[in-house]
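As structure tokens, the structure follows; a few thoughts come after it.
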Amino acid sequence: MDLQQLVQQNLDDLVASGTETGLQVAVYRKGELIVDAVAGVADLATGQPVPGRVAAQRGATPPPGSASR
């Protein structure tokens, strides 16, 4: 199981258990997006799912010091 699959499975488990309703995890390594996982809903009232690739869609950048040099 690769890192993407491991993170996705953990998110799915958190939502399935009721611990979380919706969440996203993005992991950058040396400026490269290596994990982008989502699970659950963003809005309980509408049931709208958490959108994928939020960081990329909004033009977010990795945290300082994480970009390759």
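Please go through the range 35-49 and give me each residue that is buried (at least 16 other Cβ atoms within 10 Å of the Cβ) and either at pLDDT below 90 or not aliphatic (A, V, I, L, M) (or both), ordered by number. Matches in the range 35-49: Asp36, Gly40. If you check Val25 against the conditions, is it modelled with pLDDT of 90 or more and either in contact with a Gly (Cβ under 8 Å, 6 or more places away or on another chain) or buried (at least 16 other Cβ atoms within 10 Å of the Cβ) (or both)? Here the answer is no, as Val25 does not meet what is asked. Pairs linking a residue in the range 1-29 that is within 17 Å of Pro51 (Cα to Cα) to a residue that is in a helix (DSSP H, G or I) and modelled with pLDDT under 95, with Cβ atoms under 7 Å and 6 or more positions apart or on different chains, are Gln24/Val54; Ala26/Ala55.
The values are calculated or read from the model by the stated rules, or taken from the named source; none is laboratory data. Here the structure is a predicted model, which means the values were calculated and not measured. Here Cβ is always computed from backbone atoms with ideal geometry, including for glycine, and neighbour counts include all displayed protein chains.
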